[in-house]
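Some notes on the structure that comes next.
The values are calculated or read from the model by the stated rules, or taken from the named source; none is laboratory data. Treat the numbers as computed from the prediction; the structure is a model and nothing was measured. With ideal geometry, Cβ positions are generated from the backbone for all residues, glycine too; neighbour counts draw on all protein chains shown. Note: accessible area is taken over every heavy atom of the protein model, side chains too, but ligands, DNA and RNA are not part of it. Shrake-Rupley method; radii C 1.70, N 1.55, O 1.52, S 1.80 Å.
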Amino acid sequence: MIYLGLNKKYEELKLHNIYINKNFKKSIEDAFNGEIPSNPSLYLYSPSSIDNSICKENDSVLNIMLRVPNLSYEDILWNDEDIKKLRNLIINTIKNIDGLKNIENHIVYEDYLTPMNLSNNYNAYMGNAFGLSHNILQSGYFRPHLKSKEIKGLYFIGSSTHPGNGASVIIDGSKVLCNIISSDLNND
């Protein structure tokens, strides 16, 4: 993930944007083969497109996400050199989007979130951002439930639990979990 602070508002960007590059299927599958795609497809999140309180009137923020291999693939060290190469690949890719050709000239802040950061800072297994895989046996109802069946008073919440990932789903899951905990406390 690249976090950008920009001194320009890009009207071309909506809140959620997906850039599908050449050979989309390969660019998505590369991460599962330990590779960085040469033609990356990207998700661009532009909250300042709908919320003017985030930054100054003519400024904007942009989060750019690329699916990358987790730490089980040791060919990528996530050192400064690897991050710089990946950053340049992503920025050069974004320059191909209509209206964003000059984006690099307007960057006033940038930061990165890598699998190494996820592992070291959040104890995310192998630096995985999204937890469990999305196969049929790890989706929806089949995800770990909010309340432990084995240990009284142990509860779970997050992207790897039922109902699933995504900020709004986790927030709703948190509300459900609060009701479960409240009910359990009232019944004790």
Residues of segment 102-127 satisfying the condition of being in contact (Cβ under 8 Å) with a residue 60 or more places away in the chain and either assigned to a helix (DSSP H, G or I) or touching a Ser or Thr at 6+ places or on another chain (Cβ under 6 Å) (or both): Ile103, His106
Count of residues meeting criterion [part of a helix (DSSP H, G or I) and closer than 11 Å to Leu66 by Cα] in segment 31-41: 1
Qualifying residue in segment 59-66 (condition: acidic (Asp, Glu) and open to solvent by 60 Å² or more (accessible area, probe 1.4 Å)): no
Scan of segment 6-37 for residues that are touching a residue at least 40 places away in the same chain (Cβ under 8 Å) and either over 17 Å from the mean Cα position of the chain (by Cα) or open to solvent by 70 Å² or more (accessible area, probe 1.4 Å) (or both), ordered by number: Leu6, Asn7, Lys8, Lys9, Tyr10, Glu11, Glu12, Leu13, Asn21, Gly34
Checklist (1) part of a loop (DSSP other than H, G, I, E, B); (2) buried (at least 16 other Cβ atoms within 10 Å of the Cβ) applied to Phe130, failing item: (2)
Enumeration of residues in segment 95-111 that are at pLDDT below 95 and within 23 Å of the chain's Cα centre (by Cα): Asn96, Ile97
